[in-house]
Amino acid sequence: MPRLIEMVMILRITMGAEWREYLESSGPGRMRIKKHGKMLTDAFMVANEKHIQNHTDDRSPNQIINTASMFGIVGNAWAMADWHFGYGFPIGGVVATDIEAGEQGGSISPGGVGFDINCGVRLCSLDVDISDINIKKIALELARNIPAGATRKGGLNLNQTQLESILSGGARAAVELGWGESRDLMSIESNGILDSKERNLSERAIKRGEKALGTLGSGNHFLELQVIDKIVDIEAAKAYGLSEGQITVMIHTGSRGLGHQVCSEHVNAIESNYKKNNDIWRSPKWDIEVKDRQLAAAPIHSKEGQEYLDAMNAAGNYAFANRSALTQKLRGVLREILGRDSNLDVIYDVSHNIAKIEDHKIHKKNCKCCVHRKGATRALGGDHIELSERFRGIGQPVLVPGDMGTASWILAGPKKGSNDAFSSSCHGAGRKMSRTAARNNIDSMKLKTELEERGIFVHSKTPNILSEEAPDAYKDVNEVVKLTQEAELARPVARLRPLAVIKG
């Protein structure tokens with residue numbers, strides 16, 4: 001039996017591993033898979049040889065190779081340091097397509113965004129130190145008052161007019177409806193609003209969004225109370241309003257069932273245009289070929305491409321409003337416990353599942369691109385027009401959740417200009433163990449006890465979620481940050497240690 005297991009492992013490692021023949025180092029923190037086969041560009045992975053050797057699953061590199069063959073791709077295909085297997089694109093995948101390629105523009109692919117549209121992270125700071133609060137008490141109150149889990153219980157009950165306003169106005173609409181504060185908007189990516197004119201969402205998608213606003217959801221979503229235990233970049237930390245010993249709160253959630261429904265419907269609609277021919281999927285309608293059906297894409301100016309882009313933006317607005325509503329609930333809990341909201345300030349709110357039309361310079365030529373970021377966040381330079389004055393000369397805050405037993409990080413984009421991964425960075429630690437494997441190998445109750453003995457109070461609503469989200473199921477976030485810095489995509493600013501975690 002041991003010999004059989006060994007043979008199976010060798011087979012898993014070697015099958016589909018032809019890409020290793022084209023793999024080479026491309027400088028600190030960067031490994032390049034040279035263009036071969038149907039690839040139209042090189043593929044870059046934020047990694048080193050050791051990082052790659054620790055992966056026994058070759059599917060993710062093959063996925064990034066497949067994305068490098070997408071119609072209209074410009075620059076290179078990228079996988080951030082937290083890369084792992086996903087739907088079509090690897091999680092951590094970044095691909096840009098020229099919106100003027102061909103007759104109807106380059107590809108836009110729902111698989112390049114993901115099912116949780118505008119899943120993202122918001123970081124809030126409080127004007128209190130760890131010595132000023134009772135962590136266990138606050139953790140209990142947060143668990144009682146922050147809706148979490150697979151159901152929509154505890155969410156806001158929206159009427160048709162309110163939901164329409166949210167879908168078109170995002171976080172700004174949430175503020176107007178009393179579920180956010182106007183001072184927060186300047187610290188949200190794109191000021192919390194994406195352009196959606198038609199908002200032609202199905203009745204099922206609308207239904208799933210009517211009662212879910214202001215809820216965390218389940219899976220890897222969370223609200224986490226943290227303390228800043230290390231400042232690395234004093235200048236950036238000062239600009240962000242952060243200091244050692246300060247309490248922060250991180251909120252990680254997205255567009256809930258509404259976004260999932262939008263993605264599912266557009267995946268089905270676009271994939272239906274593809275037929276398999278040998279090992280290639282081809283759309284006769286658009287004359288586009290993809291290696292994997294899950295990469296099915298439409299030209300961005302086609303009817304299907306425009307419908308998806310508009311619906312994706314509407315779902316993205318819902319996600320921005322969702323994080324705003326949760327922030328208001330957080331403020332309410334703090335007022336009850338501390339008698340004030342502790343001057344809660346939104347440091348930043350970033351998307352990490354979205355496609356955006358952006359201007360980039362490719363091979364010294366300006367290009368208007370559709371940048372897909374799936375499990376990747378933007379890392380804008382400090383001179384970017386979209387950033388508020390407080391980030392000038394510093395760079396955009398990049399929020400990198402780790403795991404609930406180790407740490408999270410705040411990074412910063414370049415002080416000026418952009419990095420060569422379309423101003424992108426990692427979005428978290430990244431999984432190294434599947435959910436099934438984690439459930440089979442990690443005891444939830446034992447983990448909870450171990451975390452509490454270390455002063456980390458965890459409350460979860462879903463059975464087995466602690467096993468699935470255990471620290472051992474994730475990569476070392478410190479290594480991910482180190483690779484990101486070495487690759488010159490973003491630089492570390494501060495490390496955040498978990499104190500209390502609310503999970504679905």
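The values are calculated or read from the model by the stated rules, or taken from the named source; none is laboratory data. On a predicted model such as this, the values are computed, not experimentally measured, just so you know. When we count neighbours, we look across all protein chains shown, and the Cβ atoms used for this are built from the backbone with ideal geometry, even at glycine.
At a glance:
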| item | result |
| --- | --- |
| Failed item, numbered, when GLY120 is tested on (1) touching a Phe, Trp or Tyr at 6+ places or on another chain (Cβ under 9 Å); (2) crowded, with 24+ Cβ neighbours inside 10 Å; (3) over 22 Å from ARG435 (Cβ atoms) | (3) |
| Every pair of residues 6+ apart whose Cβ atoms lie under 7 Å, when the first sits in segment 168-195 and is of a type in the set (D, E, K, R) while the second is part of a loop (DSSP other than H, G, I, E, B) and crowded, with 19+ Cβ neighbours inside 10 Å | ARG172/ILE193 |
| Helices (runs of 4 or more DSSP H) contained in segment 438-500 and holding at least 1 residues modelled with pLDDT under 95 | 444-453, 465-468 |
| Residue within segment 354-366 that is under 24 Å from the mean Cα position of the chain (by Cα) and crowded, with 23+ Cβ neighbours inside 10 Å present | yes |
| Segment 202-248: number of residues that are in a helix (DSSP H, G or I), surrounded by 23 or more Cβ atoms within 10 Å (Cβ to Cβ) and in contact with a strand residue (DSSP E or B) (Cβ under 7 Å, 6 or more places away or on another chain) | 2 |
| Segment 85-120: number of residues that are within 18 Å of HIS427 (Cα to Cα), touching a residue at least 60 places away in the same chain (Cβ under 8 Å), among the hydrophobic types (A, V, I, L, M, F, W, C) and in a loop (DSSP other than H, G, I, E, B) | 5 |
| Residue within segment 443-460 that is under 15 Å from GLY219 (Cα atoms), touching a strand residue (DSSP E or B) at 6+ places or on another chain (Cβ under 8 Å) and of a type outside the set (Ser, Thr, Tyr) present | yes |
| Filtered residues of segment 51-84 (kept if part of a helix (DSSP H, G or I) and of a type in the set (A, V, I, L, M)) | ILE52, ILE64, ILE65 |
| Any pair with Cβ under 7 angstrom, 6 or more apart, that starts in segment 51-65 at a residue that is among the acidic types (Asp, Glu) and ends at one that is in a helix (DSSP H, G or I) | ASP58/ILE13 |
| Residues that are of a type in the set (A, V, I, L, M) and closer than 30 Å to GLU100 by Cβ, drawn from segment 331-358 | VAL350, ILE354, ALA355, ILE357 |
| Test set (1) of a type in the set (Val, Ile, Thr); (2) part of a helix (DSSP H, G or I); (3) crowded, with 21+ Cβ neighbours inside 10 Å - ILE138 fails condition number | (3) |
| Search result, residues across segment 392-406 that are buried (at least 21 other Cβ atoms within 10 Å of the Cβ) and either assigned to a loop (DSSP other than H, G, I, E, B) or touching a Lys or Arg at 6+ places or on another chain (Cβ under 6 Å) (or both) | ILE394, GLY395, GLN396, PRO401, GLY402, ASP403, MET404 |
| Of residues in segment 54-112 being among the β-branched types (Val, Ile, Thr) and in contact with a Lys or Arg (Cβ under 6 Å, 6 or more places away or on another chain), the one surrounded by the most Cβ atoms within 10 Å (Cβ to Cβ) | VAL94 |
| Strands (runs of 3 or more DSSP E) fully within segment 350-391 counting 3 or more residues that are in contact with a Leu (Cβ under 9 Å, 6 or more places away or on another chain) | 353-362 |
| Subset tally (residues that are among the aliphatic types (A, V, I, L, M) and surrounded by fewer than 21 Cβ atoms within 10 Å (Cβ to Cβ)) for segment 18-53 | 3 |
| Subset of segment 293-308 [assigned to a helix (DSSP H, G or I) and surrounded by fewer than 24 Cβ atoms within 10 Å (Cβ to Cβ)] | ARG293, GLN294, LYS303, GLU304, GLN306, GLU307 |
| Qualifying residue in segment 142-156 (condition: over 18 Å from THR215 (Cβ atoms), touching a residue at least 12 places away in the same chain (Cβ under 8 Å) and surrounded by fewer than 20 Cβ atoms within 10 Å (Cβ to Cβ)) | no |
